[in-house]
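Beneath this line is the structure, given in structure tokens, with notes to follow.
The values are calculated or read from the model by the stated rules, or taken from the named source; none is laboratory data. The structure displayed is predicted, hence computed values, not measured ones. Here Cβ is always computed from backbone atoms with ideal geometry, including for glycine, and neighbour counts include all displayed protein chains.
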Ligand SMILES: NC(=O)c1ccc[n+]([C@@H]2O[C@H](COP(=O)([O-])OP(=O)(O)OC[C@H]3O[C@@H](n4cnc5c(N)ncnc54)[C@H](O)[C@@H]3O)[C@@H](O)[C@H]2O)c1
């Protein structure tokens, strides 16, 4: 049975990703710095709650070891944990910049690093990093946009470096999705995204989860180094006010 780790597994998108992967027959480790056991408990014995902080290397190492000890393999790593702190360029503070890059960029790098020994043993593995449409240039936070653009560089580097181990690595880049992370932006923000969408709709967590599941599946075995936008077409919108 295939095994996936979903970081940020107790959050809005993480829960939806876990649900779809479980339906696809995966065992899923929901890794989160808070609420992981509770989130996993909702899904039964094919789900494992792993409390860990992706910014802390010891914590990441222990978490990966815990999953391998429980289930013996790691087929998919979904780098989904993320934070978004709103600020203008003029208001940028070092602490915000560092906190954002620690979770959104160093976190995925550490997760990939500590999965490599297992992928080397298996001769296979899949990385899907949850980026953001904002990697194209964001209106609400330079630190977030920079972290998500750098996540593309990180994931593409993993694609090149780990390909020989049978590992594929891709990014799923959603636009606005209603979750606890985006709640701070308010309802009207979502309405503006739906209005800017050529198909007139908002992206839902399950839409992102379906793209992740596809990239983890054998159907995507020849896709690597790619960025899949799950934006209802809003990555084509020049500016969403
Ligand atoms: N919601 C959106 O509009 C949107 C749009 C594009 C991309 N995204 C991306 O989707 C991903 C998931 O976001 P979400 O909307 O579900 O947010 P969310 O706040 O609901 O979930 C994020 C989860 O990450 C966890 N987390 C944060 N820091 C962590 C750390 N150091 N270690 C372990 N876990 C940590 C949180 O505890 C939380 O459960 C993020 O990477 C986000 O940037 C979200």
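Can you give me the number of residues within region 221-241 that are closer than 20 Å to residue 24 by Cβ and touching a residue at least 60 places away in the same chain (Cβ under 8 Å)?
Qualifying residue count for the region: 1.
Determine the pairs where a residue that is more than 24 Å from residue 102 (Cβ to Cβ), located within region 30-41, has a partner that is at pLDDT 95 or above and near the ligand (Cβ under 8 Å from one of its atoms) with Cβ atoms under 9 Å apart, the partner being 6 or more residues away or on another chain.
38/10; 40/9; 40/10
Within the bounds of region 108-130, is there any residue that is part of a strand (DSSP E or B), near the ligand (Cβ under 9 Å from one of its atoms) and closer than 25 Å to residue 64 by Cβ? Let's see the steps before the verdict.
The initial filter retains those residues of region 108-130 that are part of a strand (DSSP E or B), namely 125-130.
Now drop any that are not near the ligand (Cβ under 9 Å from one of its atoms), which leaves 129-130.
Going one step further and asking which of them are closer than 25 Å to residue 64 by Cβ, we end up with 129-130.
Yes, that holds for at least one residue.
If you scan region 163-200, which residues turn out to be at pLDDT 90 or above, within 15 Å of the ligand (Cβ to nearest atom) and closer than 24 Å to residue 21 by Cα?
Across region 163-200, the qualifying residues are 170, 171, 172, 173, 174, 175, 176, 177, 178.
So residue 201 passes all but one of these: (1) under 24 Å from residue 159 (Cβ atoms); (2) touching a residue at least 12 places away in the same chain (Cβ under 8 Å); (3) part of a loop (DSSP other than H, G, I, E, B). Which condition number does it fail?
(1)
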